[in-house]
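Q: Pasting in a structure now, in structure tokens, and then I'll have a few things to ask.
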There are 4 protein chains.
Amino acid sequence: MRVTEMLRAYPADLGRVDRKTLADCIQACLECAQACTACADACLSEQNLRELAKCVRSDLDCADLCQATARILSRHTGYDANLTRAALEACAVACRSCGNECERHANAHEHCRICAQACRDCERACRDLIDALG
Amino acid sequence: MRVTEMLRAYPADLGRVDRKTLADCIQACLECAQACTACADACLSEQNLRELAKCVRSDLDCADLCQATARILSRHTGYDANLTRAALEACAVACRSCGNECERHANAHEHCRICAQACRDCERACRDLIDALG
Amino acid sequence: MRVTEMLRAYPADLGRVDRKTLADCIQACLECAQACTACADACLSEQNLRELAKCVRSDLDCADLCQATARILSRHTGYDANLTRAALEACAVACRSCGNECERHANAHEHCRICAQACRDCERACRDLIDALG
Amino acid sequence: MRVTEMLRAYPADLGRVDRKTLADCIQACLECAQACTACADACLSEQNLRELAKCVRSDLDCADLCQATARILSRHTGYDANLTRAALEACAVACRSCGNECERHANAHEHCRICAQACRDCERACRDLIDALG
């Protein structure tokens, strides 16, 4: 996994953060952002699109926050614990919200089922990292 | 301002949010994201770049969160108060942090002075909108 | 306009590019990205959403390319003419495509009318800057 | 790989594009965007940062274009061949440029070596997909 390789190649001190927890969270954010982007688009091709309008919106918000969070977590120079925590918190809220919305359509639409899982995984990864940061 | 025009053209109910407070916050996020992106780049051309490394990093984080927040605030369908508040909170934290860092270099570098002001304006706009959301 | 202020504060040589053409293009990209994000969301609240699915998709692509282009144009250190031109070209193509799609709905939906105008303005600003870069 | 799962779950026709080539390109864009974001940050912590200023800038541009391209490629509704090709072209140019710059520092800095590889892989994936689109 390149995320782990890049963490290992960071030339300064990464602090006391657990590297695996951090790498897993970056990876989960990247996967969730992609799944949400693809799910929003898949919804646009569904017959019952009108019922999926809220799902599209949740997907788009979640993709934007996961992406911003993945970027922030990929930076270690001048580490700012408050900012990292606030970003993770916002990301976890977006993942919770989008996961709940996608789950409502998981039986009808496979893309919502997969996306709900990506959101659950990412929410947990954010919570794990918040705990690990102390 | 196109932000205001687009708010006015939204076909459904915008809820009880004050439109001017919302439009001002979107505009402040857009301007702050651009200022931070430009400030990070301007730092890269400074002689004392080594002393500005933390400033570049703060700029990049702040740009990413302002941009995600501007997008989230531009969406009204399926409004989610918890998510909006969490994004605004993270954005305000990033603006506070970046504003403080840029201010330390404001006397030496005009781009840091302008960027610090953009961060202050955006932090206040986020706080105002958090208050307006109740 | 902060975009212009930030250009003026850049500490190194900006090259032979016309500053007004550059600033106008950055501003047009920012406005178009926001208009497209808001138009996609407004479409989600329309009764005839099914007919607007392609419009939502065009909006999302255009927002992503305008945003990336605004960021690239906000950087001047280590300027790369090929990359700048390729980004502007992709952005102009996205604006042309989204402008055409939005225009089809401009009579029915005010947000599509405004967004089409933002796309036309941004496409022209990109073409003007491509010409100015030589 | 969730990218592949999401492609498989797309409810409409994906057209004649080879799914593996498409999935590989999305994945390569995601990995390259992350590697570039991390490499830019790692450069900020290097002693010879002044010599790496252009590398940071290339990294940031490349991250932005890879990210936009990953999103565009994740959407299939209302497919627009011209736009897809223009985005892939811009992304390939950015990867070429960033790969060249990172390669210059690959012996000195492991993060530049890994990032150069990610850029090469992503450039090839974009070229493969351009060819596959015909």
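Q: As a check on your grasp of the helix formula, calculate [θ] at 222 nm for the protein assembly as shown: sum -39500 (n - 2.57) over DSSP H runs of n ≥ 4, divide by the residue count, round to the nearest 500.
A: Theoretical 222 nm ellipticity from helices: -26500 deg cm²/dmol.
Q: Cut-off 10 angstrom, C-alpha nodes, Gaussian network model of chain D. Which of D:Asp13, D:Asp64, D:Asp80 fluctuates the most?
A: Of D:Asp13, D:Asp64, D:Asp80, the Gaussian network model singles out D:Asp13 as fluctuating most.
Q: What are the label-to-label distances in nm, one decimal and shortest first, from D:Arg8 to the same spot in the other copies, with labels 7 Å along Cα to Cβ?
A: Reported distances to equivalent positions: 3.0, 5.1, 5.9 nm.
Q: Still on this structure, please answer the following. Output ³J(HN,Hα) for segment A:118-126: one whole-Hz value per residue in order, computed from phi by the Karplus curve 6.51 cos²θ - 1.76 cosθ + 1.60 with θ = phi - 60°, and x for Gly and Pro.
A: Using θ = phi - 60°, the values come out as 4, 5, 4, 4, 6, 4, 5, 4, 5 Hz.
Q: For chain C, modelled as a GNM with alpha-carbon contacts under 10 angstrom, which of C:Leu88, C:Leu14, C:Leu60 fluctuates the most?
A: Top of the fluctuation ranking is C:Leu14.
Q: Taking Cα pairs under 8 Å and at least six residues apart, what relative contact order does chain C come out at, in percent?
A: 30 percent
Q: So which trypsin sites (Lys or Arg not before Pro) in segment D:1-67 end up in coil per DSSP with only 15 or fewer other C-beta atoms within 10 Å?
A: Those satisfying the criteria are D:Arg16.
Q: How many nanometers, to one decimal and shortest first, lie between the label point of A:Arg104 and those of its other copies, if labels sit 7 Å from Cα toward Cβ?
A: The answer, with the shortest distance listed first, is 2.9, 4.6, 5.3 nm.
Q: In the protein assembly as shown, what is the count of Lys pairs whose alpha carbons are under 26 Å apart, counting only pairs at least 8 residues apart or on separate chains?
A: Taking the Cα cut-off of 26 Å, the pair count is 6.
Q: How far, in nm to one decimal, is D:Ala81 from itself in the other copies if the label point is set 7 angstrom along Cα toward Cβ? Shortest first, please.
A: 3.2, 5.1, 5.6
Q: Here is a further query. Just the accessible area per residue of the protein assembly as shown, please: how many Å² with a 1.4 Å probe?
A: About 35 Å² of surface per residue is accessible.
Q: Then there is this: Could you derive backbone 3J(HN,Hα) for segment D:72-83 from the dihedral phi with the Karplus parameters 6.51, -1.76 and 1.60 (θ = phi - 60°), listing whole Hz in sequence and x where the residue is Gly or Pro?
A: Ordered by residue, 3J(HN,Hα) equals 4, 5, 7, 10, 10, 5, x, 3, 10, 4, 4, 5 Hz.
Q: Okay, moving on. Beyond 16 Å, what share of the Cα-Cα pairs of segment C:1-77 is found? Please give it as a whole percent.
A: The proportion of pairs with Cα distances above 16 Å equals 56 percent.
Q: Would you calculate the volume per residue, in Å³, of the smallest convex hull containing every Cα atom of segment C:61-134?
A: Dividing the Cα hull volume of segment C:61-134 by its residue count gives 73 Å³.
Q: While we're looking at this one, here's another question. If you draw the axis that swings chain A onto chain C, which residue of A has its Cβ closest to it, and how far is that in whole Å?
A: A:Leu49, 3
Q: If you take all C-alpha pairs in the protein assembly as shown, what percent of them are over 47 Å apart?
A: Here the tail beyond 47 Å accounts for 3 percent of pairs.
Q: Report Rg/Rh for chain B, rounded to two decimals, where Rg is the Cα radius of gyration and Rh the Kirkwood radius.
A: 1.03
Q: Take the alpha-carbon centre of segment C:55-70, take the same for segment C:1-41, and report the distance between them in whole Å.
A: If we compute the Cα centre of each part, the gap is 16 Å.
Q: For a quick check of understanding: with a 1.4 angstrom probe and all protein chains in place, what accessible area in square angstrom does C:Val3 have, to the nearest ten?
A: My reading of the accessible area for C:Val3 is about 10 Å².
Q: Report the relative contact order of segment C:58-134, percent, no decimals, based on alpha-carbon pairs under 8 angstrom and at least 6 residues apart.
A: Result for segment C:58-134 is 32 percent.
The values are calculated or read from the model by the stated rules, or taken from the named source; none is laboratory data. Owing to the predicted nature of the structure, the values given are computational and were not obtained by experimental measurement. Cβ: placed from backbone, ideal geometry, glycine included. Neighbour counts: every protein chain shown. Note: areas computed on protein heavy atoms with side chains; ligands, DNA, RNA excluded. Shrake-Rupley method; radii C 1.70, N 1.55, O 1.52, S 1.80 Å.
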